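A.B. asks: This is the structure I have questions about; it appears just below.
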Amino acid sequence: MIKFFAFVVSVVLLLIGCGSSSTDVLVASKPSDAIILLDDVEIGLTPMKITVTKKVSIEIRKDKFTSYQATLSAESAPNLLVALEPVEKVEDITQDDSVTIAQLKYMYNTGKISKTNFDTRVRQVRSRMDMDLRAAKARYIQGELSKSKYNQLVKQIKHKYLG
């Protein structure tokens, strides 16, 4: 009977050892109340304790602050403390009609504008560019522009909006 009991205990211990490991991670930020996303799914606000059982991507976001991104796993440290940096005050040229798509890409890549603002402004710039291109084409079709003048105007319009 003792041998049977020892066998059961050893099997249980072996099964426990083979299970997936996990760790609890306290995720905190300064300032607090930042949004926590795990694998692009919003799970709550900082501070929050999460259990990590596999490799996951984490993003911590707060309006007017740069986002923080990292990868967590079951071997991660028990505390993730993040100091979010305020986004620099920048002259808001996104509302300027002369802003180019290249400038918008730079502002998005450096965290100065949000993805939503970037997408909206790119659509607006492309719409204005399309209108100008259609107007140039109409002038060419009506005979107001020669082929070479039309091609030159198209290059100027694209440069104006694309950068």
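The values are calculated or read from the model by the stated rules, or taken from the named source; none is laboratory data. Computed from a predicted model, the values in this text were never measured in an experiment. Heads up, the Cβs are rebuilt from the backbone with ideal geometry, glycines too, and the neighbour counts pull from every protein chain shown.
A.B. asks: Out of all the residues in the range 117-127, is one or more over 30 Å from I35 (Cα atoms) and either of a type in the set (S, T, Y) or over 24 Å from the mean Cα position of the chain (by Cα) (or both)? Steps first, please.
C.D. replies: Residues of the range 117-127 that are over 30 Å from I35 (Cα atoms), as a first pass: 125-127.
Narrowing further to those that are either of a type in the set (S, T, Y) or over 24 Å from the mean Cα position of the chain (by Cα) (or both): 127.
Yes, the range 117-127 contains at least one residue that is over 30 Å from I35 (Cα atoms) and either of a type in the set (S, T, Y) or over 24 Å from the mean Cα position of the chain (by Cα) (or both).
A.B. asks: Only one of (1) modelled with pLDDT under 85; (2) surrounded by 12 or more Cβ atoms within 10 Å (Cβ to Cβ) is not met by I43, so which one is it?
C.D. replies: Going through (1) modelled with pLDDT under 85; (2) surrounded by 12 or more Cβ atoms within 10 Å (Cβ to Cβ) one by one, I43 breaks only (1).
A.B. asks: Considering only the range 47-59, I want to know if a residue exists there that is outside any strand (DSSP E or B) and of a type in the set (G, A, S).
C.D. replies: For the range 47-59, residues outside any strand (DSSP E or B) and of a type in the set (G, A, S): absent.
A.B. asks: Right, another one. Report every pair of residues separated by at least 6 positions or lying on different chains whose Cβ atoms are under 9 Å apart, first residue within the range 23-45 and part of a strand (DSSP E or B), second among the acidic types (D, E) and surrounded by 12 or more Cβ atoms within 10 Å (Cβ to Cβ).
C.D. replies: Every condition considered, the pairs that remain are I35/E59; I36/E59; L37/E59; L38/E59.
A.B. asks: Let me ask another. Could you give me the residue pairs with C-beta distances under 8 Å whose first residue belongs to the range 117-135 and is β-branched (V, I, T), whose second residue is not in a helix (DSSP H, G or I) wherever it lies, and which are 6+ apart or on separate chains?
C.D. replies: Sorted first by the residue in the range 117-135, then by its partner, the pairs are V125/V99; V125/T100.
A.B. asks: Surrounded by 11 or more Cβ atoms within 10 Å (Cβ to Cβ) and not in a helix (DSSP H, G or I): does that describe A70? Can you show your working first?
C.D. replies: Working: surrounded by 11 or more Cβ atoms within 10 Å (Cβ to Cβ): yes; not in a helix (DSSP H, G or I): yes.
Yes: the conditions hold for A70.
A.B. asks: Next question, about the same structure. Regarding L145, is this residue part of a loop (DSSP other than H, G, I, E, B) and surrounded by 15 or more Cβ atoms within 10 Å (Cβ to Cβ)? Please lay out each step first, then the result.
C.D. replies: Numbers: part of a loop (DSSP other than H, G, I, E, B): yes; surrounded by 15 or more Cβ atoms within 10 Å (Cβ to Cβ): yes.
Criteria met by L145.
A.B. asks: With the structure loaded, tell me whether I101 is at pLDDT 90 or above, exposed (fewer than 14 other Cβ atoms within 10 Å of the Cβ) and not assigned by TED's automatic domain parsing to the domain that holds P31 or whether it fails that test.
C.D. replies: no
A.B. asks: Anything in the range 58-69 that is at pLDDT 90 or above and of a type in the set (G, A, S)? List them, or say none.
C.D. replies: Hits for the range 58-69: nothing passes.
A.B. asks: Could you please tell me which pairs satisfy a Cβ distance under 7 Å, a separation of 6+ or placement on different chains, a first residue in the range 138-163 that is closer than 21 Å to Q124 by Cβ and not assigned by TED's automatic domain parsing to the domain that holds T100, and a second residue that is at pLDDT 95 or above and surrounded by 12 or more Cβ atoms within 10 Å (Cβ to Cβ)?
C.D. replies: none
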